Every structure is written in C-alpha cells, then in structure tokens.
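The values are calculated or read from the model by the stated rules, or taken from the named source; none is laboratory data. What you see is a predicted model, and the numbers here were worked out from it, not measured in a lab. Note: ideal-geometry Cβ built from the backbone for every residue, glycine included; neighbour counts use all protein chains shown. To get the accessible areas, we keep the full protein, side chains included, count just its heavy atoms, and leave off ligands, DNA and RNA. Shrake-Rupley method; radii C 1.70, N 1.55, O 1.52, S 1.80 Å.
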Amino acid sequence: MTHQEIREKFIKFFEEKGHKLVPSSSLLPTDPSVLFTTAGMQQFKPYYTGEANPMKDFGSLNAVSVQKCLRTSDIEQVGDNSHLTFLEMLGNFSFGGYFKEEAIKYAHEFITKELGLKIDYVSVFAGEGNIPADEESEKIWKSISPDIVVKRAGRADNFWGPTGSEGPCGPTTEIYINDIEVWNIVFNEFFSDKDGTLLPLVKKGIDTGMGLERLVMMVQNKKNVFETDLFEPLISVLPTADTDKKRKRIIADHARASFFLISDGVRPSNKEQGYVLRRLIRRMIIQAHLETFGSFSGTDTLSLGIPEDTKRMFDKIYQNYSNFYPELNLNIVNEVFDKEFNQFNKTFRQGLEEIKFNNTITAPVAFNLYGTFGITFEIIKDVGGEKAKNLTREAFDAEFKKHQELSRTASAGMFKGGLADENPETIRLHTAAHLMLEALRRVLGGHIQQKGSNITSERLRFDFSHNEKMTLEQIKMVEDLVNEQIRKNLSVHFEEMSVDEAKKLGATGVFEHKYGDKVKVYFVGNDNDYFSKEICGGPHVVHTGEIGKFKIIKEESVSAGTRRIRATVE
C-alpha cells in the first residue's frame, strides 16, 4: 500500500465506525504556551474538559483526524532511522462516546485485519502510587487475542499527562510491531491540575496517536522511514555521488517541514516559529551544498545549483501531499525559499571566514556568528567540526537569551502594558486587529469572539470563534468595513476603568484572562459614535488613517469552531 492508501484506509475505517472526520488544524496552535502543534489531540482539548460541545461543532461524540505535527526537540537527531521534525499523526478520539473496550478492539482490528500486520506485544499501565494498575485493559486484550503478550510498565511509560500544566490525562496501552511502538492509546479518565493532583473527569475519553511515517515503514516492510514512498521520491532527486545517507535524510526532512510551515503562514525570522523555519532552511542549504561539493573550499557563494535541486524536491512534496492538504502552495514556498537563500548567501561566506579565524567556537562566538551572519547553531556544529565539538545547545540557548529579547507579546497573543512591541508597523497592525474584530462581529454576528492572535511587524494572525468558512463576499465586506474606518481617519484613545465598567460599556475583551483592578479600554471613533471599544494594553495609532490599506490574505480553519485570518497593511 502507498502512504496515500494507508491514510485513506485509516479514515474510512473509523468513519464506518461512526467517527466524524475533522480536518487537521494548523501547525500554528491557538495555545500560546507552545510554538507548534505537536499532537493530534491539541485541537480537541476543550471537548475533554466540557468547554466545547462536539455534537454542536461537528455532530458526533467520536472523531478521526490526520494531524500535521512539528516537533523541534528532535532537530539535531534528524538523519538516524526514526527522528523527524514534521510528521502526520493518525488519531481516533471519543468525548464520552466509548471507552477502553471499543478503543482496543478498533486498534486490534485495524492493525491485524485492515493492514495485515502482526502485533509483537502490547503494554498496559502497571499502577503506581495511588493510581491502580489497568487490569481492565489487560483483560480486554486477552479476550480479543488469548495468545497476545501483554507487558506492564509504570507511569513513565504507560501514563500520559501534561507536565507542569493542567489537562486531561490517564493510563495508556501501546501496540508494538518489530519492537517499535506504533500506536499509543490514552484513556483520559483524570484531570491533572498544575500541582499534579488527579481528579476524575466528568466524561471519560479516548485519545490515540499513531505516526503515519512509522506505520508506512511497517506496512511497506522497510528498515527505516526514509526508505518509504514518503521520502524515497524526495531523496531520489539529490546527487547520487555522495554516500552520506544522513545528509540526504536531513535535506529531505527539513525540506518537507519547511514546505508545510511556509504553507501555514510562517516566514523566516529571528524569533519564535520564524526562527525555527530559518534554522531548517539554512541547514538544508548547507547540507545540500556539502552533498554536491563535499566542502566549502574554493567556493565564493552557495548559489551552485542548490535551489534547482531543492525546487525539484519541493515539486515531489507537492505531488505527495497536495491532494490531502489543499492549503499547500508550491509557488509561495519557492518564493520564500528563494528570498531566504539569497539573503543567507550574502552573509554566509563572511561567517565561514569567521569560523576559520577562531580556534575554538564558544557559546559567545557562536551567538555572534548567528547574530551577525545568520548562521544557526546546527550549521555551526556542521561546519565547525573539531572547533565546535564542545559547543552545546544549552550554552548557545543561554547566550541567546542574554542578547535576544523574546517577544512575549506575540506569544501571548495580546498587548499588555509594558510588554508591548513599539515597532510602528506592529502598532498599525495592532489597531487594525481591533477594527477587524468589530467588522467581523458586524458582518458575521455578535457571537464572534477573539481566540488568540499573533502580531508582528509584517503581518497579523487572528483567531476567532466561528463554525463556518467565510464566503468571499463576507471577506470583502470585512475588508471594506475596516478600510472605510481607516479612510475616516477616526481618533483612537483609551480610558482606564474597572472590568465591570468596561463590560457595561459593551467593550470586547478576552474575558477568560485575568485582568487587574483597572484596565485600559481603547475607543476608536468619535464621542457617542464609537466603531470599536476593546480592553487592551496598547499601544495604538492616534488616528486610523495612519494604518494604511488593510488587506486580508487568507481565511482558514484552525480547529472545530475556530477560524483564522491572516492580514497585512500597506
């Protein structure tokens, strides 16, 4: 079976079992505590806690999804047989619809009958502390297959729960094939508070995750994920002279991850998601150069056929995935890659000379290479060789934090007092976001609420509650309404008051967040005829005419009941 057939078979199997297919959410999560979506269950968290209603949002207590995921913790290990940055997570979920018996039976049936694979053994929770052993799951496995090997493990291996944060959790059962974990099934029956105290969930739920890449490797009987039809077409476009398998794998992995990040709206930058994308692209460029030429000696630039090889790889990625992920945009990916390549090419040779000049590359030297020339940690390790052997990620990150002020404002999705970004371009977009929220409420209805935002000097990303895709007419109405307020050159000012006073005035706000005794309410418009009233810490333009022309670039789904708009100003 091809990877497309395996993905489709998984979806069809669970749809026939009464599950509703929910599209993958973006790689950029609404949860401000994490940079990327790392698991299929992230978009479903509110359904386990009762904050959201699955019947209302997608008409079923059971869901199936294929979720795009990106995990940064493994970037430096990419190139071995299993580590990846981007992956697809197959999952089936239930929010009070069914529990252990059905979940285990479904998994066994899909693995053994649909895919024809042999399960080596399964693991269940052995019990630990005041949490009892999961004897029920063991009995269910034995009732399905009396000869199956069931192993028990403690909390570290067979109990899933959030670390240092609140959330649903519970014991797990895992399926192993060829001594590799293939499917992890979580029985959410507890809620863990920030102190780690476990409380019973009102509605027990099922949360499963099975990596598509690893499953394809098993079905296609390959030794590693890079020999599957997910990666083989990508690697085949690279030069064949060099035998460094790890290098080819790094290029293919980073190309795939970059393609999906760019398509989801990320652009290379020096902070947060953009920094991760820059790391991936630049390391891919370095590895591609080494793949072709073996070293940097005797070369003045990196523009030696590398973009052409990479674009052929991007073509293969698009062919592999575009039917299932319609948001993928080959033209934009090529455009962003070209821009980053040209920018990196201008400074890399100078950085390379600096590496040669230093006998030992310490953390301060490495950060200077990054800050001055844009040479990332991975590239310094790759190119520095013996000079960089003692340089660690921890030391580099510590140096990074000393010199680089991370934008907490962008992470939190709002502006609060002294945390505000004073960049004039960011301020223009910030005020535009207020106008857009009010325009959305007037066009789509008063139910519209802000669910998160991320504002940089280049663009606005805004999440809001809405169950339907906006029509082109609605998008234009919102765009026109915002630009109308900009043309009116309305005044913008704030007044301090209590939250209760702000609510009485009809001011909007993210009311699940805790405010102080006094808040700032920003008013846009003239006395007694305000277009927008919103709780916010600022800063803002003085008159809306300073914003410029507002343009919506994209409207898309983030998760069930949540939409996302990306916009710019000119």
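Values as computed for the structure displayed
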{"read-out": "Identity of the residue in segment 513-542, small (Gly, Ala, Ser) and outside any loop (DSSP other than H, G, I, E, B), that ends up nearest to Met41 (Cα to Cα)", "value": "Ser532"}
{"read-out": "Enumeration of residues in segment 173-208 that are among the hydroxyl-bearing types (Ser, Thr, Tyr), over 15 Å from Tyr48 (Cβ atoms) and in a strand (DSSP E or B)", "value": "Thr173, Tyr176"}
{"read-out": "Candidate set from segment 1-17 (those that are touching a residue at least 60 places away in the same chain (Cβ under 8 Å) and open to solvent by 40 Å² or more (accessible area, probe 1.4 Å)); member that is nearest to the chain's Cα centre (by Cα)", "value": "Gln4"}
{"read-out": "Output for segment 451-476, where each listed residue is among the small types (Gly, Ala, Ser) and open to solvent by less than 30 Å² (accessible area, probe 1.4 Å)", "value": "Gly452, Ser453, Ser465"}
{"read-out": "Residues being more than 23 Å from Tyr325 (Cβ to Cβ) and open to solvent by less than 10 Å² (accessible area, probe 1.4 Å) - total across segment 239-272", "value": "0"}
{"read-out": "Segment 543-559 residues that are in a strand (DSSP E or B), paired with ones that are surrounded by fewer than 20 Cβ atoms within 10 Å (Cβ to Cβ) and small (Gly, Ala, Ser) (beta carbon under 6 Å, 6 or more apart)", "value": "His543/Ser491"}
{"read-out": "Of residues in segment 356-410 being open to solvent by less than 50 Å² (accessible area, probe 1.4 Å), among the hydroxyl-bearing types (Ser, Thr, Tyr) and not in a loop (DSSP other than H, G, I, E, B), the one modelled with the lowest pLDDT", "value": "Thr409"}
{"read-out": "Residue match in segment 103-110 (condition: on the phi > 0 side of the Ramachandran plot and open to solvent by 40 Å² or more (accessible area, probe 1.4 Å))", "value": "no"}
{"read-out": "Enumeration of residues in segment 290-309 that are under 30 Å from Leu28 (Cα atoms) and either surrounded by 20 or more Cβ atoms within 10 Å (Cβ to Cβ) or at pLDDT below 70 (or both)", "value": "Ile306, Pro307"}
{"read-out": "Every residue from segment 209-230 that is free of Cβ contacts under 8 Å to residues at least 24 places away in the same chain and not charged (D, E, K, R)", "value": "Met217, Asn221"}
{"read-out": "Enumeration of residues in segment 313-340 that are among the hydrophobic types (A, V, I, L, M, F, W, C), farther than 23 Å from Asp229 by Cα and surrounded by fewer than 20 Cβ atoms within 10 Å (Cβ to Cβ)", "value": "Ile332"}
